[in-house]
Structure formats: structure tokens, C-alpha cells
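In what follows, a single structure is set out as C-alpha cells and then discussed.
The values are calculated or read from the model by the stated rules, or taken from the named source; none is laboratory data. Just so it is clear, the structure is predicted and the values come from calculations on it, not from any experiment. Here Cβ is always computed from backbone atoms with ideal geometry, including for glycine, and neighbour counts include all displayed protein chains. Surface accessibility is based on the protein's heavy atoms, side chains included, excluding ligands, DNA and RNA. Shrake-Rupley method; radii C 1.70, N 1.55, O 1.52, S 1.80 Å.
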Amino acid sequence: MAEKVLLKGNEVMAEAAVQAGCRFFAGYPITPQNEVPEYFSRRLPQVGGVFVQAESEVAAINMVFGAAAAGARAMTSSSSPGVSLKQEGISYIAAAELPCVIANMQRGGPGLGNIRAAQGDYFQSVKGGGHGDYKLIVLAPASLQELYTLTMNAFDWADYYRMPVMILGDGILAQIAEPVELAPYKPILEIASKDYILNGCKGRPSRVVKTLVLDPADGLIAHNEHLQRKYRRIAEEVNLCEEYQTSGAELIVTAYGIPGRIAKAAVRQARKDGLPVGMIRPITLWPFPDAAFAKVIKTARQLLVVEMSHGQMLEDVKLASQCALPTEFLGKGGGWYPTEEIIREKIDSMLNVSGRARK
Amino acid sequence: MDAQSRKMIIAGFGGQGIVLVGNVIARACVIQKKNVVGMVAYGAEMRGGTAYATVVVSDEEIGSPFVDCPDAAIILNQPSLEKFEADLRPNGLIVLNTSMTQRPPRRADLNRIEVDATQIAHELGNLRVANIVALGAFIAKSNLLRMSSIEQGLSELFSSKNPKLIDLNIQALHAGAERSRFCPLKTEQA
Amino acid sequence: MGKIRFDVHRCKGCGLCVIFCPQKNLRMSAELNEHGHPYAQENEPGHCNGCGLCFRMCPDAAIEVDQHRRKTQTQE
Amino acid sequence: MTTLKRSTILKDQVTHYCPGCGHGIAHRLVAEVIEELDIREKVIGTAPVGCAVLLYNYIDCDIIECAHGRPPAVATGIKRVRPDNIVFTYQGDGDLAAIGTAETIHAANRGENITVIFINNAIYGMTGGQMAPTTMLGMASTTTPEGRGKHGEGPPLKVCELLSSLQAVSYLERVAVSTPKDVLSAKRAIKKAFQKQIDGKGFSLVEVLSMCPTDWKVSPEKAVAFVNDEMKKVFPLGVYKDAK
């Protein structure tokens, strides 16, 4: 195993992006992701890349739009209120089928909320966010090593499918420091040369990048159908989750990101104590790992969803499990986080284990 | 402090080098190939009052990065003692900088290390190394990490920042180890 | 002297060329083009002096002018 | 013999603009400048939201259509990635001076090496004649039926004057397309603005006072008179900045 270095989540993500060939970053400071623009501002000039501190989140995402159209691997990052501002640009980039990576290190909302970690932007991330029928590939790492790898993969998926990819972390993922092996970038897909970019029409007909579709009259319908076909294909091809101790589990706990790793520790301890518990931790939130849930509804009896929100992924879990099992929820928004103990208590109560039986 | 204990908090006022102590502990963990998650209280909380960092160390995969109920606390000033004493788990370990704290812990169920960290730092000629003096006391009396790993972590950290400070910090570390007093919990019932 | 040609198909009949023709040699047609606009035409073919002001003012790039004069005010 | 004819950079396409609209003249001038500077193969343009959204149907070079007001940000992204390309934005008054004011000011303030062609016709064209940030005091629009007021709506925003205080701006000129002489000046200004970018001098902007007969509800003839008699009083023509 290669040597590990100690870095903050925000820095790990930025370094992974640089390793993956990201050469343009535009952003605007917002806690708790400030180390991201700071890191890029130091690092990108070293590799011939460009960092721009934009005047607003709106400008930042539109700079990324331009950079992506010009052919660069481009990225922006923010935290919840800032990502709301970026939604306009994200819709345009999705419509124009340009690649880019957007990170959201979620904080407490709604409104200005607070700067503590939260998961209130799940719906915004996986169900749209901006206007129109579009999807983003949404990635939810639970550790910094996973953040490192997924950030690299994000650029590959963005280029391969020509679409924005979102890294949905939270303030804790952004702020913790963990040892990470900075493995060299290896593309996971073969990326075709970018024959759609704008670089001046030397020796070729001029190109247009646009999202307004007036002609023919049904052109926008056709464009939407094209996008939907692409999304269906992605749903088959990109689908990641961590399944832990699901075999023989009567109760499946599910959580993503930081609560995912907390839930895993609780499940591990419960298993040590002999309880029939397993876990599914979605890693891609869109596409949602439906298959993993379709499988466990045949063997498990109950589901528990844990989120740092008032239940957003909960709805996708119910859809994926076809509401076949009683599903309970543990979660709050605004900066609350679950502890291993509180998840364990919930597991015990759902399995009707008394304090005595645990011992 | 036994090897199982693995969640800790380092607290003081801003400028006492709280983040640095967390960073050195985390680096030592990397050197010893342990899993570690470090975190600094971020945002508005950093300014004024107490600053704190948390570290979770484990040989297993780490679940929660949060430290609600620490096994150990390095307390560098009085407000931090007020704020965090109650959170420690029973039988936990508290390291007190007696130069900056006005009383012993109220709780009777804690192991205690006392070190006159700021005074010792003053004698060493740099008040800023009080944090490392306290760290030395902690490392010497707990068996969580090897002193040599901490030394290596300090060297790594300062070699890029200011190599001239490496010797002073290692001196502070050992001074803390030597001039601290361990007051174990009296376990009558044991 | 000059020679003016109109792309009748492009003309929208705004009349800016008519207004700015110093010779007052342009007018709008009585008929409409395929898009339903009247279009510019010369009052008296052959009276164009090639100044090119109509070309300059035409928003629809519907006018071409041959300039036979040695020195013109429109060339840059 | 010389022949004045349609620039080869203009596509063989009848525009969707109303009769007498100044956009057609401005498009033609941009095309002629690109042709004369021989930069077509290097040019990347941005189209705004507004009447000129279909710019790519008329000008034959690489073009990206942007969200309303965002062309200076998009152009920033393009130019920073491809500094050897020539990047211009073509924007109306709503795009540049209302919804995109921040993008405009900050691209200018960064000295972004791009060229901005700003069409000021004092009205919202595409949406049907509502007040623009540059609508003049007393001028009626569908959202100021009694005329724009000094209080409430505020006086019109003067973009060249506003930007002229920014140190990193290289070139600012206000021109018009309402007389043949103005059209010639406008072309010279646009050419100079592109040349500034070619020479790496930084942000250049040409404000073009332009006619909107339809939404002003006047004939094309009265529209040019309105620019010449009214608009030029409020928006004086001239060079507002020409940094060495």
C-alpha cells in the first residue's frame, strides 16, 4: 500500500480534481467549503490551470459553463445556499450536454441556516434543482478515500456522458482530516475526443452550443427524449452502493455519506452482539441503487433510513423497496447528526431487543 | 488510559495551537498506520472563547467522526474545562494545564494528568509551545501513541513551516512528559 | 457613378435606405416580396452615384453597391 | 471598382428582426470587422437572451448561447481556457445592464480580455416593450405606461459612464447606428475594441445606441430620429476610455 497523507476533505477533493485533469475552477467562498477555492488557487497555477474567484455563485457556474464549452475539465464547488444560486447554470449545462463537476458540501438550511453539516439538499440534487427535466449523476462519499476516488471518477462520467456530475458531501466530510492514499489518476472509461467544443472554427464548420430549441417545432420534445434515453442508459451503467452484512439480515439500515459510516459502525457492533442487521449505503444517489433494495425486500423484514434531514432519501428507499417492508426513519435537519448509540437504540427497538437481551 | 480509548478532544483558546496538537496526533497515527479522523470546530466558533479540535483513533474502520463523549481531553484553559469536563466518559482521562486552569476537575470519576504547561513553556523561552508540553504529558502517560511517532509528526509539520522550531517543540514535548503528574482515579470498588 | 443591386428576398421594407439616399433615388415598391414586405427599388435606374449610404444603413444586408468613383466616402 | 456587399461572415439567412431594427446593422458591422481582421477561425462569440438570442443563425463562427445576463461570465470561462481565441459577447440592455449587471461590472473590473458589443435600445424588445435599465425618463413602456419616473424606476443606467471608473478597462466607446456617419464610427469602434483584445489590452466595450421601431411604436424613420434627437442627449456619443 502506498503512503497515506493527512488532508482535509475539501483538500482531498480539490487534489483529486487536479490529478484527474481539472484545469479550470471558478468558485465563491462559503463555509464549510472554503478550503476548496483556496486549494485550487494555489494548486491550479502549478499545473497550468486557471482559478477564478467569481463575483457570485451565478457567475461561477457560468464560467464553468464557458470553460466546459471550451473543452476544459472544469469544476465549481459550494455549500447549500450557494448551490441554490448555481441551479440556473446547472440546468443550462445539463441542457447543453456539457461536462462539469459540481460539489455541494451541504450545510444546515433552509435559508441561510447554519454552517453545521446537514443533508437537506438531497431532493435538490437528485430530483432536479433547476428548471426542466434533467438529471445529474450524484455521488455521496462517506470517507475521504472514497471522496478522492469518486471525484476522479466524476470527471470521467461527466465527459463520458456529457453532463454535470455532483459530489454531494456535507460540512463534516469537508472538514474532517483523514489519511488518504493519493493514488494516481486512472480513467475508468474511454473518453471520446470532444468534437463539440468551441475553439474557433479553423478547418471545420462553425459550431454552436445552445439550449434554446425552437426549430423544428418538436425539437425540444426530441431533445428531451434524447436526454431521457441517456439517463436510462446511465441508470443501468452507473449504480454504486455498499452492502454490508445484508445476508440473513432482518433489518436493513440505510444511510448515505457521513451518516452512512456512522450507521455502519452501529450495524457492525449490533452484528457482534448477534443481531440480524445489515446495511445498504447508496454511493450513487442518482442513479439510486434500486437493485440492492429489490434484493433485500425478499429476505429482510424491516428498513430503517437514517438521514441528516427530515426524510428525503427516505422516499427513494420506499420507491426502490416498492414499499414492501415497514420502513422507519431516524433523522433531523439543521445540524443534527446521528451517533452510533442512537442508531443502535433504534435498531434494538425495531428488533424488540431489550437492554437485558443485548448483554 | 487504555488502548481501547480512542476519542479525544483538545481545547483551549484560539492561538494556543489547538489545531496543531490535533494535527500532530493525527500525523502520528498515520505514521503508526492507525485509522484516524481529525476535525477542528469550524466557522464562527473559532473566534474567541474556546477553540477545540477532536481526534478519533482506531485500529478498526472509524464510524462516527464526531466526538461527543471523549475518552480523553487535553484542556489548556479554564473555559475549556468548564465547557468539556462534563462530556468526558466515566473513567476518562483529563490533561490539565494547571498554569491556566483554576481548579481541579469537579468530577471524581476521571483520571487526571496535571502539567504546568504554560509555565514550562515560559521557561523554555516560548509561550507558544505550552500546547506541546501538554501533548508530551498526555503521550507519556497514555499508551495511545509512541513518543517517537509524535516527534516524527512534529518534524514533518515544522520542516515545511519553520524547521528552526523542531528542536524547541521536541524539547517541550519531553519537558511535558517529565514534569507532569499522573493522578489515577481511585477505584475503591475495584 | 455606381450600380445598386437589391436582394428583394432579404428586404423588409424598413425604408432606411430611402431616407438616407442623398440622391433621393430610392423608393419602396408597390408590390410585396415573398415575405410580405414592400422592397426598395430605384426611382430611376442608372442614377445611383455609388455613395453606399444605403448599404451602410440597411439592417438586412439586402443591398450591394458597385462604386466606380476613384475616391469614396464609404471606404475605410 | 469596389463593391460593397454582404460580409462572408454573415450567413445567407434572413434575420428575424423587425423592419428597421438596429440589430441587423450591428450584426453586419461585427461580421465585417471579423472579416477584415481575418479572425473568423479564432472567434468564439456568446449570444444573449433577448432579441439577439439567435445570433448564431446569422454570424458564421463558433457561438455559445448563454443564460440571461451571463455572457461575461461564460466568456470569462472560455477566454481563460483559450486565451488565444478571440472572445466576444453580444448583449442587449436587459442582459448586460439589468440581470447581468454584476457579471458585466466584474468582468470589466477583472480586465477580462474580451470584447463586449452592447446594444442599447432603451427598451425590452423580445418580451414586448417593457422598461429597460436604459429606458429614458418620461419614456413610456408597457411597464411604465405613464413614463419612467425619477423616483420608483430611477433614471436610466449609463453603462459607459459607470464602467469608466474601473481601472482594468481598456476601451469604452458609445456609438450609434442611426445615421450613415454613425454607422461608420460604430464600425471603427467595434474594430478598435476587437484590436484591443488582439493586443491583449483587456476588457473593451462598445455601446451601440440602436433603434427599436416596433416597441417604441414608431416608424423606422421616426426611430432613427428618436435616437438622433432624444437618445444621444441622454447617452452622449464618444470615447469614454481608451487606455494606453
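Condition test on A:Glu88, is it of a type outside the set (S, T, N, Q) and within 11 Å of another protein chain (Cβ to nearest Cβ)? It is true that A:Glu88 is of a type outside the set (S, T, N, Q) and within 11 Å of another protein chain (Cβ to nearest Cβ). The residue of the stretch B:31-51 that is modelled with the highest pLDDT, among those that are part of a helix (DSSP H, G or I) and open to solvent by 30 Å² or more (accessible area, probe 1.4 Å), is B:Ile31. For the stretch D:202-236, the set of residues classified as more than 13 Å from the chain's Cα centre (by Cα), in a loop (DSSP other than H, G, I, E, B) and either buried (at least 19 other Cβ atoms within 10 Å of the Cβ) or β-branched (Val, Ile, Thr) (or both) consists of D:Gly202, D:Phe203, D:Cys212, D:Val218, D:Phe235, listed by residue number.
Summed over the stretch B:52-107, residues that are open to solvent by less than 10 Å² (accessible area, probe 1.4 Å), in contact (Cβ under 8 Å) with a residue 60 or more places away in the chain, within 21 Å of B:Asn23 (Cβ to Cβ) and in a loop (DSSP other than H, G, I, E, B) total 3.
Only one entry of A:Asn104, A:Asn114, A:Asn62 meets the criterion of being open to solvent by 10 Å² or more (accessible area, probe 1.4 Å) and of a type in the set (S, T, N, Q), and that entry is A:Asn114. Among the residues of the stretch D:14-49, those that are more than 7 Å from every other protein chain (Cβ to nearest Cβ), within 24 Å of D:Tyr124 (Cα to Cα), surrounded by fewer than 24 Cβ atoms within 10 Å (Cβ to Cβ) and not aliphatic (A, V, I, L, M) comprise D:His16, D:Cys18.
Of all the numbered requirements in (1) in a helix (DSSP H, G or I); (2) more than 8 Å from every other protein chain (Cβ to nearest Cβ), D:Val53 misses one, and that requirement is (2).
Would you call A:Ala320 hydrophobic (A, V, I, L, M, F, W, C) and in contact (Cβ under 8 Å) with a residue 60 or more places away in the chain? For A:Ala320, the condition - hydrophobic (A, V, I, L, M, F, W, C) and in contact (Cβ under 8 Å) with a residue 60 or more places away in the chain - is not met. Applying the set (1) open to solvent by 10 Å² or more (accessible area, probe 1.4 Å); (2) within 17 Å of D:Pro236 (Cα to Cα) to D:Gln130 leaves exactly one unmet item: (2).
For the stretch C:3-38, what are the residues that are farther than 22 Å from D:Thr3 by Cβ, free of Cβ contacts under 8 Å to residues at least 40 places away in the same chain and part of a loop (DSSP other than H, G, I, E, B)?
Let us first name the residues in the stretch C:3-38 that are farther than 22 Å from D:Thr3 by Cβ, namely C:12-15, C:19, C:24, C:27-38.
Applying the additional criterion that residues be free of Cβ contacts under 8 Å to residues at least 40 places away in the same chain yields C:13, C:15, C:19, C:24, C:27-38.
Correct list: C:Gly13, C:Gly15, C:Lys24, C:Asn33, C:Glu34, C:His35, C:Gly36, C:His37.
If you check A:Leu220, A:Leu251 for being within 23 Å of A:Ile137 (Cα to Cα) and either more than 18 Å from the chain's Cα centre (by Cα) or more than 14 Å from every other protein chain (Cβ to nearest Cβ) (or both), only one passes: A:Leu220.
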